[in-house]
Amino acid sequence: MIGPDDVKKLATLSRLALTEEEVAKLQVEISSILAYIDTIQKVELPSQTSGSVYLDIENVMREDVPTHEAGEHTDALLAQAPRSEKGYLKVKKILG
Amino acid sequence: MAELTDLGVRDLVAGYQAKKFSAVDVAEAHVKKIEKENGALNAYLEVFSDAVDSAKIADARLASEGNTQNPLLGVPVALKDNILIKGKIASAASKILANHTATYDATVVKKLREKGAVFLGRTNMDEFAMGSSTEHSAYGPARNPYDISRVPGGSSGGSAAAVAGKLATVALGSETCGSIRQPSSLCGLVGLKPTYGAVSRSGLIAMGSSLDQIGSFGRSVYDVETVFNATKGHDPLDGTTLPDYAEKQAKNKKIGVPWAFVKDAQPDVQEAFAKELKELSAKGYEIVDIEFPSAPFGLAAYYIVMPAEVSTNLARLDGMRYGYHAEGKDLFEEYAKSRAEGFGAETRRRIILGSYVLTSGYYDAYYRKATALRGVLAEDLKKAFDTVSYIATPTTPGPAFKLGEKSDPVSMYLEDIFAAPANLTGIPAISVPKATVMRDDVSLPVGIQFMSPKYTEASLFSIAKDVVGEGA
């Protein structure tokens, strides 16, 4: 079973603010899900497996060229932003 | 006389040709029925105000070019709320994207629009396609038209409820693991999960990118086949689309049945399944016992791979560029509050789980192991498909369950036990409605599933037609 501190650490990594009740609930739920997914530890796996065998696909390349005019989509995209100013997204200061 | 909302694609095509009714008549009949019945089903989150206008355009095209080459001209389609239409809200049934307006069309939308399909509205779903009941929608659960105290399945439950309730002729959904087949099973519909890469995902809000695929719901095999043929194809905007989708035919009429795996279904579902197989053998199919030893572990592997991809894909939803934003004292707090307030409980659970399995130290035990297991599943399938053309199982362990019945996350996850192998290995699979079972004196549908090798959708349609007795 994972502890409350584990959940809090995962929440930080996941950028999720959780209340104490949510932490307690997730601790139980995540532990129960982990108990279920741990069943795969029982499967014998060949030592060498090709990671991509199941998808049977290859990398697709395209020319690295511009696909639209600069600024073509700026207004439409910025209209979706919670806060913007002079054509930029506005966010909290990250440098002191 | 049949109502316009009862008709499938083939009847609409014939009716338009005979000028018995117009596309506007058909669209209006659907809109009217939605107004009357959507309150109980909550299948649609929004009915598009321009639905009838698109039908007018379709009528003009029907008059000028006809529909002999184009069966979808004037056909009403419902779209799952994670598929983008430029200028319309696409929220993935999440609060975090409540006001998100799409800035471009999904490739499937472009294709269907060119063919003159009429988009009726966007349908309810589990938030970000995470769930098997639509109870994880931020906008309330959708209901099953067979019994509104039961769920329609999920995550594409709104699309399934819309087609089963005759609030749309056909609908698009998406699958990461069972999200089309499971609601098809619970709502008595045909539902296809195509070969990975057959249909472009450009404009589909991503969940698990190595698994996601767009597919369709219909009340007949022909309807699903028509939508698949109209939407498939290579797309430069989706690097995972197959450059050379070349249709392949099943090599024989052998159906493999992994009986040890089928035991995970409820007893009467197993009986109904066995009866369906018997009917198929009377129609010239040969039923063969096969081993599929890795199959029961597929779902556990899925619950490693998917959350890992979810935590990565959903990292972009940070409250800064678009979507819900919460104020905080610094940037980190704004991220954490925006995401905590914007995402629902199941989404948060899967993000946390994804962070866990990707944490350094656990990566080998989980993600690497799950990836290797996908390889083992593919090897097992390859071995089976050396002998048989199809693998059959029940689509779901049981029929539609009551709202609130599966509040424990793992019990909900087990709904997709039979779905996982196809998603993890990229093969196509179809759910076909035939059997019913009784629960609380209500007769409820439950589907039979067929899986087949990549590129053999045509053979899946052909066996599905044999199951339901539908002509070619």
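The values are calculated or read from the model by the stated rules, or taken from the named source; none is laboratory data. None of these values were measured; they are calculated from a predicted model. For neighbour counting, all protein chains shown are included, and Cβ atoms are generated from backbone atoms with ideal geometry for every residue, glycine included. These accessible areas exclude ligands, DNA and RNA; they are computed on the full protein's heavy atoms, side chains included. Shrake-Rupley method; radii C 1.70, N 1.55, O 1.52, S 1.80 Å.
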For B:D147, B:D223, give me the order by solvent-accessible area with a 1.4 Å probe, most accessible first, ignoring ligands, DNA and RNA.
B:D147, B:D223
Cα axis of helix A:4-13 to longest principal axis of chain A: angle in degrees, 0 to 90, nearest 10?
30 degrees
Report the extension gain between B:E35 and B:D53 in nm, rounded to one decimal, defined as 0.36 nm multiplied by the number of residues separating them, less their alpha carbon distance.
4.7 nm
Per the charge dipole of segment B:153-304 (beta-carbon charges, Lys/Arg positive, Asp/Glu negative, Cα centre), the residue among B:T240, B:I290, B:L167 reaching farthest to the positive end is B:L167
With +1 on the Cβ of every Lys and Arg and -1 on the Cβ of every Asp and Glu, the dipole magnitude of the protein assembly as shown about its Cα centre, in debye rounded to the nearest 20, is 420 debye
Report, to the nearest 10°, how far helix A:20-37 tilts away from the longest principal axis of the Cα atoms in chain A, using its own Cα long axis and a range of 0 to 90°.
60 degrees
From a point 7 Å beyond the Cα of B:S64 in the direction of its Cβ, which residues of segment B:93-115 have a backbone N at a distance under 12 Å?
none
For peptide B:351-363, the mean count of other chain Cβ atoms within 10 Å per residue Cβ is 4
Averaged over peptide A:63-73, how many Cβ atoms belonging to another chain are found within 10 Å of each residue's Cβ?
0
Number of partner chain Cβ atoms within 10 Å, mean per residue of B:338-345:
3
At a 1.4 Å probe, which residues in segment B:280-306 are at least 50 Å² less accessible with all protein chains present than in their chain isolated?
B:F297, B:A300
Connecting C-alpha atoms closer than 10 Å in a GNM of chain A, tell me which of A:L34, A:L78, A:L16 has the biggest fluctuation.
A:L78
Quick one: check the C-alpha center-to-center distance for segment B:203-252 versus segment B:424-466, whole angstrom.
16 Å
Whole-number value, in Å³ per residue, for the convex hull of the alpha carbons of segment B:305-459 is 164 Å³
Dipole magnitude (debye, nearest 20) for segment B:4-231, charges at Cβ of Lys, Arg, Asp, Glu:
180 debye
Percent RCO, i.e. relative contact order, over segment B:4-231, from Cα pairs under 8 Å lying at least 6 residues apart
20 percent
So what is the relative contact order of chain B, in percent, for Cα pairs below 8 Å that sit 6 or more residues apart?
17 percent
Contact surface B-A: accessible area buried, both sides summed, square angstrom, 1.4 angstrom probe
4700 Å²
I'd like the FRET efficiency for A:N59 and B:A246, computed as 1/(1 + (r/R0)^6) with the beta carbon distance as r and R0 of 22 Å, rounded to 0.05.
0.60
Considering the options B:G361, B:G342, B:A372, tell which one lies farthest towards the positive end of the dipole of segment B:331-382, charges being +1 on Lys and Arg and -1 on Asp and Glu at the Cβ, about the Cα centre.
B:A372
Heavy-atom surface of segment B:4-231, accessible at 1.4 Å and reported per residue (Å²):
28 Å²
Taking amide H atoms as placed 1.01 Å from N in the peptide plane, list the residues 5 or more away in sequence, or in a different chain, whose amide H sits under 5 Å from that of B:Y455.
B:T195
Could you tell me what percent of the accessible area of the protein assembly as shown is made up of carbon and sulfur, with a 1.4 Å probe and every protein chain present?
52 percent
What does the charge dipole of chain B about its Cα centre add up to, to the nearest 20 debye, if the Cβ of each Lys and Arg holds +1 and the Cβ of each Asp and Glu holds -1?
500 debye
Sum up the charges of everything whose Cβ sits under 11 Å from the Cβ of B:D105, counting Lys and Arg as +1 and Asp and Glu as -1, but leave B:D105 out.
+4
Choose one of B:V410, B:G15, B:G215: the residue whose Cα lies farthest towards the positive end of the charge dipole of chain B (beta-carbon charges +1 Lys, Arg; -1 Asp, Glu; about the Cα centre).
B:G15
Would you grab the residues whose amide H sits under 5 Å from the one on B:G256? Only those 5+ places off in sequence or on another chain, please, with H modelled 1.01 Å from N.
B:V288, B:S389, B:Y390, B:I391, B:A392
Relative contact order for chain A: what percent, with Cα pairs under 8 Å and sequence separation of 6 or more?
16 percent
